[in-house]
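Taking it in order: structure first as structure tokens, then the write-up.
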Amino acid sequence: MSQTQPPPRARAEIDLGALRANVRTLRARVAPHVQVMAVVKADAYGHGAVPCARAALQAGATWLGTATPHEALALRAAGLTEARIMCWLWTPGDPWDQGIEAGLDMSVSGMWALTEVTRAAQAVGRPARIQLKADTGLGRNGCQPADWPELVSEALKAEAQGLVKITGLWSHFACADEPGHPSIAPQLDVFRSMLDFAEKAGVEPEVRHLANSPATLTLPESHFDLVRPGIAMYGVSPDPAVGTSAELGLRPVMSLKASVALVKQVPGGHGVSYGHHYVTPGETTLGLIPLGYADGIPRHASGRGPVLVGDRVRTVAGRVAMDQFVVDLEGDTPEPGTEAVLFGPGDRGEPTAQDWAEAADTIAYEIVTRIGARVPRVHLGE
């Protein structure tokens with residue numbers, strides 16, 4: 001939720017100008033005929049789905065992508081009525097009828113889903129837009145090659161009956177964020193084979209798509225008719241092996257900031273936070289940062305997470321607690337209310353989301369996506 005007057009405790013600043021620039025950069029990496037789907041699932045990776053969706057469309061994206069139908073329907077309810085919206089994570093009993101009425105493109109990975117969507121189309125009285133997903137090797141959602149002929153055949157029968165319109169054929173990479181991984185070429189081959197089968201059977205898709213963020217950046221042969229950038233749109237590199245954000249021409253969109261809540265002097269030998277995993281080596285000053293794991297600060301980064309306070313990067317001292325953590329200020333005495341920057345673009349020497357990912361032994365996707373709802377999003381450049 002955007003706020004012009006953020007509370008002093010903490011805020012996540014979302015630079016929509018950077019997001020637009022990132023979308024334009026990604027748009028320039030693909031051929032003119034290739035469309036861009038801006039993936040805004042999981043509340044736009046924690047950045048705020050509706051403002052980010054609008055900004056992405058302004059910058060040249062023509063599709064929006066969500067995981068769940070409820071995310072997609074929320075975009076429609078927010079007034080995004082013209083953009084094509086695809087959602088791909090359906091479970092039995094989900095609101096297929098609402099998806100049809102909202103004009104969503106709905107992914108179908110197996111016969112159960114085709115059965116549910118055709119029943120909904122009969123009830124609603126209009127055809128459903130569906131995209132058939134192939135499992136080309138990820139082993140997650142999608143239809144196995146052995147089951148593909150049946151799914152394609154039954155989907156074509158439903159199309160002939162006016163119950164569905166097959167708008168797309170698609171799949172997803174397993175290891176595109178590892179350039180040269182031996183699974184990449186076989187997945188491309190399987191996808192081409194499954195496309196060939198479906199098209200020879202009579203499917204006439206509007207779009208065929210496979211490329212996520214790393215494939216958009218590094219695998220032009222995977223671009224087909226549409227690419228689906230997610231994390232890259234938010235200025236975060238999919239993996240250091242692909243390149244840093246700066247090397248890829250991307251700018252991180254989220255900056256996480258807090259106000260120092262307390263500064264105090266303590267003697268040497270003083271335990272800090274639960275378990276006393278940090279003990280002050282000598283007389284020093286401690287700063288209290290009012291963010292914790294309830295806000296999405298990873299507890300695994302205890303003792304390692306970097307924070308810029310003043311002009312110096314400090315380290316989390318001891319354990320991250322539910323609502324707060326401590327940094328050793330090493331004798332510095334900033335005023336309470338001084339800004340602490342947990343991560344941002346790195347322009348001022350502040351840490352980045354990638355730095356926190358390394359501190360927590362995870363990926364930068366998780367760092368930005370896990371920032372909790374009680375941290376207000378402040379959207380700049382709307």
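The values are calculated or read from the model by the stated rules, or taken from the named source; none is laboratory data. In this text, all values refer to a predicted model and were calculated from it rather than measured experimentally. For neighbour counting, all protein chains shown are included, and Cβ atoms are generated from backbone atoms with ideal geometry for every residue, glycine included. For accessibility, only protein heavy atoms count, side chains too; no ligands or nucleic acids. Shrake-Rupley method; radii C 1.70, N 1.55, O 1.52, S 1.80 Å.
Ranked by accessible surface with a 1.4 Å probe, highest first, in what order do ARG76, ARG251, ARG348 come?
Numbers: ARG76 35, ARG251 95, ARG348 140 Å².
Largest accessible area first, the list is ARG348, ARG251, ARG76.
In units of 2.2 N^0.38 Å, what is the alpha-carbon radius of gyration of the stretch 292-353? The partial results should precede the final answer.
Numbers: Rg = 11.3 Å, N = 62, 2.2 N^0.38 = 10.6 Å.
Its radius of gyration relative to the 2.2 N^0.38 Å reference: 1.07.
Collect residues whose amide H, placed 1.01 Å from N in the peptide plane, falls under 5 Å from the amide H of ARG314; neighbours closer than 5 in sequence don't count.
The list, which skips near neighbours in sequence, is VAL307, LEU308, VAL309.
Want the number for GLU199 to THR315: 0.36 nm per residue separation, take away the alpha-carbon distance, what's left? Walk me through the numbers on the way to the answer.
Working: separation 116, 0.36 × 116 = 41.76 nm, distance 5.61 nm.
So the extension gain works out to 36.1 nm.
Just the accessible area for GLU247, please: 1.4 Å probe, Å², rounded to the nearest 10?
Only protein atoms counted, so the area is about 140 Å².
How large is the dipole of the stretch 143-279 about the Cα centre if only Lys and Arg carry +1 and Asp and Glu carry -1, each at its Cβ, rounded to the nearest 20 debye?
Dipole of the stretch 143-279, to the nearest 20 debye: 840 debye.
State the percentage of accessible surface on the stretch 111-241 attributable to carbon and sulfur atoms; use a 1.4 Å probe and exclude ligands, DNA and RNA.
About 49 percent, which is the carbon plus sulfur part of the accessible surface.
Once fully extended, how much extra length lies between ARG299 and THR244, figured as 0.36 nm per residue of separation less the alpha-carbon to alpha-carbon distance? Mind showing how you got there, number by number?
Values: separation 55, 0.36 × 55 = 19.80 nm, distance 2.50 nm.
Residue separation times 0.36 nm, minus the Cα-Cα distance, leaves 17.3 nm.
Sum -39500 (n - 2.57) across every DSSP H segment of at least 4 residues in the chain, then divide by the residue count to get the 222 nm mean residue ellipticity, nearest 500. Each step should come with its number before you reach the end.
Numbers: 11 runs with 107 residues, N = 382.
Mean residue ellipticity, 222 nm, calculated: -8000 deg cm²/dmol.
Net charge around SER153, counting only other residues with Cβ within less than 14 Å of its Cβ (Lys, Arg = +1; Asp, Glu = -1)?
Working: positive: LYS157, LYS200; negative: ASP147, GLU150, GLU154, GLU159, GLU199.
Spelling it out: positives minus negatives among the neighbours equals -3.
Return a single number: how many Lys pairs in the chain, at a sequence separation of 8 or more or on separate chains, have alpha-carbon atoms below 24 angstrom apart.
The result is 9.
What ³J(HN,Hα) values, in whole Hz, does the Karplus curve 6.51 cos²θ - 1.76 cosθ + 1.60 give for the stretch 117-129 when θ = phi - 60°, with x put for Gly and Pro?
6, 6, 4, 5, 4, 4, 5, 7, x, 8, x, 8, 8
Using the alpha carbon gyration tensor of the stretch 260-382, what are the three equivalent-ellipsoid semi-axes (square root of 5 times each eigenvalue), largest first, in whole Å?
Details: eigenvalues 112, 53, 34 Å².
Gyration-tensor ellipsoid for the stretch 260-382: 24, 16, 13 Å.
Only four residue types carry charge here, +1 at the Cβ of Lys and Arg and -1 at the Cβ of Asp and Glu. Report the dipole size of the chain about the Cα centre in Debye, rounded to the nearest 20. Present the calculation step by step, with values, prior to reporting the outcome.
Working: 33 positive and 42 negative charges, 125 e Å.
Using Cβ point charges on Lys, Arg, Asp and Glu, the chain gives about 600 debye.
Expressed as a whole percent, how much of the Cα-Cα distance distribution for the stretch 141-220 exceeds 14 Å?
Numbers: 2053 of 3160 pairs.
Above the 14 Å cut-off, the stretch 141-220 has 65 percent of its Cα pairs.
Can you list the residues of the stretch 328-351 with backbone N under 13 Å from a point 7 Å past the Cα of HIS270, pointing along Cα to Cβ?
Within reach of a label on HIS270, which here means backbone N under 13 Å from a point 7 Å along Cα→Cβ, the stretch 328-351 contributes 328-333.
Simple spin-label model, 7 Å along Cα-to-Cβ: ALA123 to HIS70 in nm?
For ALA123 paired with HIS70, the spin-label model returns 1.8 nm.
Any idea what diffusion coefficient the chain gets from Stokes-Einstein, in µm²/s, Kirkwood Rh on alpha carbon pairs, 10 °C, 1.306 mPa s?
Details: Rh = 22.3 Å.
The Stokes-Einstein estimate is 71 µm²/s.
Tell me, Kirkwood radius of the stretch 176-222 from alpha-carbon pair distances, in Å?
Details: mean 1/r = 0.0858 Å⁻¹.
Taking the inverse mean of 1/r over all distinct Cα pairs, the stretch 176-222 comes out at 11.7 Å.
Per-residue HN-Hα couplings for the stretch 99-110, Karplus 6.51 cos²θ - 1.76 cosθ + 1.60 at θ = phi - 60°, whole Hz, x for Gly and Pro?
Once θ is set to phi - 60°, the couplings for the stretch 99-110 become x, 5, 5, 7, x, 7, 8, 10, 7, 10, 10, x Hz.
What are the ³J(HN,Hα) couplings of the stretch 241-251, residue after residue, when phi is run through the Karplus curve with 6.51, -1.76, 1.60 and θ = phi - 60°? Round to Hz, x for glycine and proline.
5, 7, x, 6, 3, 4, 5, 8, x, 10, 10
Between LEU219, GLY235, ALA12, whose Cα lies farthest towards the positive end of the dipole of the chain when Lys and Arg beta carbons carry +1 and Asp and Glu beta carbons carry -1, centred on the Cα centre?
With unit charges placed on the Cβ atoms, the residue in question is ALA12.
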